[in-house]
Amino acid sequence: MLDQLTEQLSEHVEYVFRSARGDGAAWPEAAQHYGVASVGGDGPAPVDEVRAVFEELVRRAGAHLEQLLASGQVEGGPRVEGIGRRLGDLPARETARYEQARVDALAPKKADVGVASIFANAAKTAANNPWASLTFDRQLTQHCASCGAPQRQEREFQCEYCGGDVFRRGSDFE
Amino acid sequence: MNAEEKALVDRWRGFLSKIDERLDEIIQECEAGVQGLTAQAPDDPMPISQAMTGLDYRIRQLDDKIEETWDGQVEAKFSDGDGAFFDVGLDMRRDAELALEAKWTLWKAKAMGDFFRQMWPRTQAAMAAPIPCTQCGSPLSVPTPHESHTVTCASCGTVNQVIPHTCIQQYFGGGVQAFAEERALPIRFEIERFREEVDRWRRARDWAPETIESMDRWHDMELNYWRTFSEMKAQLLNAPVDEEFIESRMSYFRKYNLENDQRWRKAKGL
């Protein structure tokens with residue numbers, strides 16, 4: 001029973017931690033799950049909300065441990081005392097870990113000394129260039145807009161058959 | 001040079017060698033990167049050109065490193081000796097900078113040349129492929145397959161506007177330019193080296209003016225660069241050498257490098 005309790009506690013801590021950092025479930029929903037109201041918004045969760053969630057998590061875990069002891073499913077002893085100590089400093093410890101993670105995320109990233117990223121970026125952006133997927137006819141012949149006859153004389157734009165225009169007159173030309 | 005000065009020279013040389021080694025490493029990595037991009041887009045030079053822009057910045061960082069180290073840590077130490085010793089350190093720096101620029105620029109030129117060379121079999125096949133008339137399907141006679149033409153069909157008389165295959169356009173556009181640069185660029189760096197030697201010659205003579213013969217040699221080297229470049233283009237395009245282009249480049253060179261020197265003007269009767 002105690003193994004199950006500590007395992008679940010670790011899972012909850014990780015769930016809260018990841019949601020707070022923005023790597024997991026949305027923070028407002030995660031906070032709500034522990035009965036903590038969140039001001040919401042994008043980005044990392046506010047530190048005081050994260051601390052409140054950890055405190056609530058500890059309160060629930062402590063209550064569950066009390067129930068197990070009261071029902072006789074577990075007996076007191078060094079192990080239970082150890083879990084009690086862990087619960088006691090969990091909010092402060094995990095909140096500090098979260099604050100450090102936020103600071104680390106803001107720190108400038110180490111410079112990339114290799115050139116692989118440059119080639120990867122070039123390969124990726126090249127595929128996005130507007131000409132990459134452009135197709136067009138490499139050959140074309142102008143036709144009379146009136147009778148459809150092909151142009152027969154270079155730079156002659158009057159159809160030799162019907163006298164019509166060997167191009168389309170329209171708003172583009174007027 | 002005393003033992004202390006010799007040790008300083010060795011340390012400075014060691015640092016500059018490290019920069020050169022780093023450049024070699026980058027070039028080695030680039031070889032693989034260029035091969036990858038070529039395999040991905042064998043007829044499109046755009047990805048490699050984009051990568052080169054990013055790589056140029058990486059190489060500039062090496063150049064900046066030389067400058068920062070000289071300014072911050074080395075210059076003061078070489079200044080402790082006499083003027084000649086200071087020049088030793090300064091010349092080593094300049095030699096390293098010139099070598100770095102030459103090695104990188106020549107590698108880039110070769111990489112672009114290699115890219116366009118691998119296009120040749122497909123370019124050749126595209127040029128050999130018959131171009132049928134849009135109206136009757138008879139093969140058209142296109143005088144120069146690497147250029148756009150208006151061709152009248154010999155069979156039915158229909159006027160066809162013919163644009164070369166993309167592969168052909170790339171090869172005879174960017175490719176020809178790349179091959180010409182690859183051929184001529186070593187001359188550009190010979191000129192750079194020559195100018196550096198002229199500066200050192202003048203410095204050793206209390207900044208005496210450059211001789212007219214030396215300036216004439218500079219002129220000839222510059223002319224050789226543009227002529228080599230233009231002849232290569234002409235050869236590849238099967239066209240006459242663009243003398244007008246060469247003269248346009250040389251007129252700028254003369255205007256800003258020679259004709260503003262009164263001694264040279266007088267010697268040339270200007």
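Here, each number is a calculation from the coordinates, and none is a lab measurement. For clarity, every value in this text was computed on a predicted model and none was experimentally measured. All Cβ positions, glycine included, derive from the backbone under ideal geometry; neighbour counts span all protein chains shown.
Note on A:135-146: average number of Cβ atoms from other chains within 10 Å of each residue's Cβ is 4. The 3J(HN,Hα) values that the Karplus relation (6.51, -1.76, 1.60; θ = phi - 60°) gives for the range B:254-260 are, in residue order, 5, 4, 9, 10, 10, 5, 8 Hz. Gly and Pro appear as x.
If you keep only loop residues by DSSP, which trypsin sites (Lys or Arg not before Pro) in the range B:194-265 have at most 14 other Cβ atoms within 10 Å of their Cβ? The qualifying sites are B:Arg205. I'd like the orientation of helix B:243-253 relative to chain B: the angle between its Cα long axis and the longest Cα principal axis, in ° from 0 to 90, rounded to 10. For helix B:243-253, the angle is close to 20 degrees. Summary value for chain B: 14 percent relative contact order, contacts being C-alpha pairs under 8 angstrom separated by 6+ residues. Just report the Cα centroid separation between the range A:79-100 and the range B:120-182, whole Å. Result: 76 Å between the Cα centres. Within the same chain, lysines fewer than 8 places from B:Lys255 are excluded, and of the rest, those with a Cα less than 19 Å from its Cα are B:Lys266, B:Lys268. Dividing the summed helix terms, -39500 (n - 2.57) for each DSSP H run of n ≥ 4, by the number of residues in chain B produces a 222 nm estimate of -23500 deg cm²/dmol to the nearest 500. Working value for the range B:92-205: equivalent-ellipsoid semi-axes of 49, 14, 7 Å, each the square root of 5 times a Cα gyration tensor eigenvalue, largest first. Peptide B:27-34 shows a mean partner chain C-beta count of 3 within 10 Å per residue C-beta. Bridging of B:Lys6 to lysines at a Cα separation below 16 Å is possible for B:Lys77, once same-chain residues fewer than 8 apart are set aside. Mean-square fluctuations from a GNM of chain B, with a 10 angstrom spring cutoff on Cα atoms, peak among B:Glu196, B:Glu25, B:Glu101 at B:Glu25. Panel order for B:Leu55, B:Leu16, B:Leu258, by other beta carbons found within 10 Å of each beta carbon, from fewest to most: B:Leu258, B:Leu16, B:Leu55. The Kirkwood radius of the protein assembly as shown, taken over pairs of alpha-carbon atoms, gives through the Stokes-Einstein law at 25 °C and 0.890 mPa s a diffusion coefficient of 81 µm² s⁻¹.
Over all projection directions, the Cα-based convex hull of chain B averages an area of 19.5 nm².
Averaged over peptide B:150-160, the number of partner chain Cβ atoms lying within 10 Å of each residue's Cβ comes to 4.
If you run the Gaussian network model on chain B, springs between alpha carbon atoms under 10 Å, then out of B:Val241, B:Val34, B:Val88 the most flexible one is B:Val88.
Please work out the FRET efficiency for the pair B:Gln28 and B:Asp71, using the Cβ-Cβ distance as r and a Förster radius of 35 Å; give the result to the nearest 0.05.
Rounded to the nearest 0.05, the efficiency is 0.75.
In chain B, the longest principal axis of the Cα atoms and the axis of helix B:212-237 are about 30 degrees apart. Between B:Gln35, B:Gln118, B:Gln135, the GNM of chain B built on Cα springs shorter than 10 angstrom shows B:Gln135 fluctuating the most. Each Lys and Arg contributes +1 and each Asp and Glu -1, all at the Cβ; summed about the Cα centre of chain B, the dipole is approximately 720 debye.
If you take the Cα centroid of the range B:214-270 and the Cα centroid of the range B:15-71, the two points sit 31 Å apart.
Given a Förster distance of 45 Å, report the FRET efficiency between B:Ala239 and B:Glu196 from their Cβ-Cβ distance, rounded to the nearest 0.05.
0.80
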